[in-house]
Each structure stands twice: as C-alpha cells, then as structure tokens.
Amino acid sequence: MATIDGLPPLRDVIRDHELVAKKQLGQNFLLDLNLTAKIARQAGDLTACDVLEVGPGPGGLTRGLLAEGARRVLAVEKDARCLPALAEVADAYPGRLEVINGDALEVDAPALLNAPIRVVANLPYNVGTELLVRWLTPKQWPPFWESLTLMFQKEVAERIVAKPGSKAYGRLALLAQWRADARIVLTLPPEAFTPPPKIHSAVVHLTRLDQPRFPADAAVLSRITAMGFNQRRKMLRSSLKGLTPDIEDRLRAAGIEPTARAEEIPLEGFCALAREVAK
Ligand code: SAM
C-alpha cells in the first residue's frame, strides 16, 4: 500500500531490515504514520525549526516530522541496525535528515543544530526521565530548546504536569513547571505500539519560559525539594531541619506553616522558601 511519502509501510521496513525489537533498548515502535504525523503536529509549526529526535528506530516519527515540514531533523539512534532504514528516509528528504549513531546521553546534539530548536521524541523509557531532567537543568537559561514534545510512560507524564495535593506531585512537577509550561497532549494505549508495552503512554508538550515562573536559586530550590519530597509524609519543619537551625522561622517568613507537608506546597511557596533560605 502506498504511503504519504512514497516510502514503504513501516511493517515492511521492519521486516525487510529484520528489526526485531530489543527490550533492553526500550524498543516499542509506532507503525501508524497517521499517528506519528499527529504526534509531530503537537510540536507546533516545524517549518522554520531544527528538530532533535532521540531514538528514531525504524523512522516512523522521523517521517512524521519531515512530512509535517521540519526544516531539518537530527536523529540520534543507539541501535546501528536501524541505520539502513533511516538512510532510506534521508534519501526521500534530501538534505533534511541527519542521523547520528550514538547514545543520546553522550552526544552533544545542540552543538549540531541551529536555533530555533524543538525536541520531539518517542523516548526509550529507560533514559527518558534522565534526558528530561538534563534538558530542564542546563547551566544557563533559556536552554537550547524552545519546546519539548516527548512520549513517556503515562505515570511519568502525570508526574510532570501534577498539581499540589495529588499523589503524583513531586520534584519532577516542580522542576518542569518552574521554567516551562507543561501539558499532556495525547494518551496512547499499549496497542499503538509494536510490540505493545505493558503500560499506557502519554505525550507531554513543554514550552520553555524565558524566565523562571518565580525567582529562586536553582541549586537551593533543588536541595529543598529533594529534602522535602524524600520524606513526603513528614512535616516540613522536620524534613527540612537539616537545612538551617531556624527552619521554622524561614518557613513562616515564606508564608508556609511549619507543620505543612511538601505535597501541599505550591511551586510559588517552594520558591519563596528558597529565597528565604538563600538570604
Ligand atoms: N521513534 C521510534 C518510534 O516511535 O517508533 C522508536 C521509539 S522506541 C520507544 C525508542 C528508540 O530509542 C529505539 O529505537 C532505541 O533503539 C532507541 N534508544 C534507546 N536508548 C537510546 C539511547 N541511549 N540513545 C539513543 N537512542 C536510544
């Protein structure tokens, strides 16, 4: 059956290149090109953007990004078995796809891209959270990316967008929402993938803010949230007592009851406390 880009259907690509999925590489492939185009569209208008894709695999999402008009795609794939299939995609879109065979945790991709840059990926679940944390905690803000459109295990996606008072609320929510707008734009059942994973998945779209939502020192904020959520059921006056001897006064000065728990405190409160502690 013909496809929109004249390339073979992904099922044929996988068969012809013998891409038997490897569990240790988090390989659950998307084979429906309508779905991959839909995910690509969640990243907004790509026509004037360079796109970084992590883990293109047989190239389903890559084809979606290119068909949706991405100016250029840089795709970093660890599994060398995928390279011949990706070379066929590059031939169909001359000059617009570059593939690097390597580990996304080690490749300095931003150095190879031109602004504006968007990141779009159906991430390998084993490295997804680590990459997100890295992208949210660069040495300098604003970061190299304008937006991140990323597939996660649904529970992780819920932790990224969680609000105070919910079970999912914690460090990941604070980190993401401090310097970005984050929302779930799509949820996918296991059957959307080949082979189907045991879990549901969701696509999160994060748009960077030029300035953090509330002022705070990144290192102090990170320390406070780590201590607060490591013992999330404890009152803050006890979970944060190692921070400074007058923690109760600092909490009050930040407008927080010392008996409150981390999961009740909104981002604004944590930033106010970080400013008090840094004084
Ligand atoms: N993008 C494809 C799709 O949507 O069908 C494949 C997604 S699959 C969930 C994850 C891909 O990431 C696999 O192709 C896997 O080989 C690749 N991968 C796993 N670990 C990686 C790493 N550290 N760096 C780069 N790619 C990696």
_Name the residue that is nearest to the chain's Cα centre (by Cα), counting only residues in the range 1-28 that are in a helix (DSSP H, G or I) and either β-branched (Val, Ile, Thr) or near the ligand (Cβ under 10 Å from one of its atoms) (or both)._
Leu25
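Select, from Ala85, Ala104, Ala75, the only residue that is more than 9 Å from the ligand (Cβ to nearest atom) and either in the same structural domain as Ala176 (by TED's automatic domain parsing) or in a strand (DSSP E or B) (or both). Break it down into steps so the answer makes sense when it comes.
Details: Ala104 fails: more than 9 Å from the ligand (Cβ to nearest atom); Ala75 fails: more than 9 Å from the ligand (Cβ to nearest atom).
Sole residue among the options that is more than 9 Å from the ligand (Cβ to nearest atom) and either in the same structural domain as Ala176 (by TED's automatic domain parsing) or in a strand (DSSP E or B) (or both): Ala85.
Of all the residues that make up the range 193-216, how many are in contact with a Ser or Thr (Cβ under 6 Å, 6 or more places away or on another chain) and open to solvent by 30 Å² or more (accessible area, probe 1.4 Å)?
Looking only at the range 193-216, we keep the residues that are in contact with a Ser or Thr (Cβ under 6 Å, 6 or more places away or on another chain), and these are 202, 205, 207.
In the following step, the residues that additionally are open to solvent by 30 Å² or more (accessible area, probe 1.4 Å) were identified as 207.
Residues in the range 193-216 being in contact with a Ser or Thr (Cβ under 6 Å, 6 or more places away or on another chain) and open to solvent by 30 Å² or more (accessible area, probe 1.4 Å): 1 in total.
Any idea which residue in the range 107-144 is farthest from the ligand (Cβ to nearest atom), counting only those that are of a type in the set (Val, Ile, Thr) and within 23 Å of Ser222 (Cβ to Cβ)? Step through it out loud before you land on a result.
Step one: of the range 107-144, the residues of a type in the set (Val, Ile, Thr) are 107, 117, 119-120, 127, 129, 133, 137.
Going one step further and asking which of them are within 23 Å of Ser222 (Cβ to Cβ), we end up with 119, 127, 129, 133, 137.
Working: Val119: 13, Val127: 5, Thr129: 13, Val133: 14, Thr137: 18 Å.
Filtering the range 107-144 for residues that are of a type in the set (Val, Ile, Thr) and within 23 Å of Ser222 (Cβ to Cβ), the one farthest from the ligand (Cβ to nearest atom) comes out as Thr137.
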*Quick one: how many residues across the range 55-72 are closer than 17 Å to Gln24 by Cβ and either more than 10 Å from the ligand (Cβ to nearest atom) or surrounded by fewer than 20 Cβ atoms within 10 Å (Cβ to Cβ) (or both)?*
0
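Could you please find all residues in the range 29-54 being within 14 Å of the ligand (Cβ to nearest atom), in a loop (DSSP other than H, G, I, E, B) and open to solvent by 20 Å² or more (accessible area, probe 1.4 Å)? It would help to see each step written out before you state the result.
Applying the first criterion (within 14 Å of the ligand (Cβ to nearest atom)) to the range 29-54 yields 29-40, 42-43, 51-54.
Now drop any that are not in a loop (DSSP other than H, G, I, E, B), which leaves 31-32, 42-43.
If the condition is that a residue be within 14 Å of the ligand (Cβ to nearest atom), in a loop (DSSP other than H, G, I, E, B) and open to solvent by 20 Å² or more (accessible area, probe 1.4 Å), then Leu31, Asp32, Gln42 are the ones that fit.
The values are calculated or read from the model by the stated rules, or taken from the named source; none is laboratory data. Here the structure is a predicted model, which means the values were calculated and not measured. Methodologically, a virtual Cβ is constructed for each residue, glycine included, from the backbone with ideal geometry; neighbour enumeration extends over all protein chains shown. Accessible surface is based on the protein model in full, side chains and every heavy atom, while ligands, DNA and RNA are left aside. Shrake-Rupley method; radii C 1.70, N 1.55, O 1.52, S 1.80 Å.
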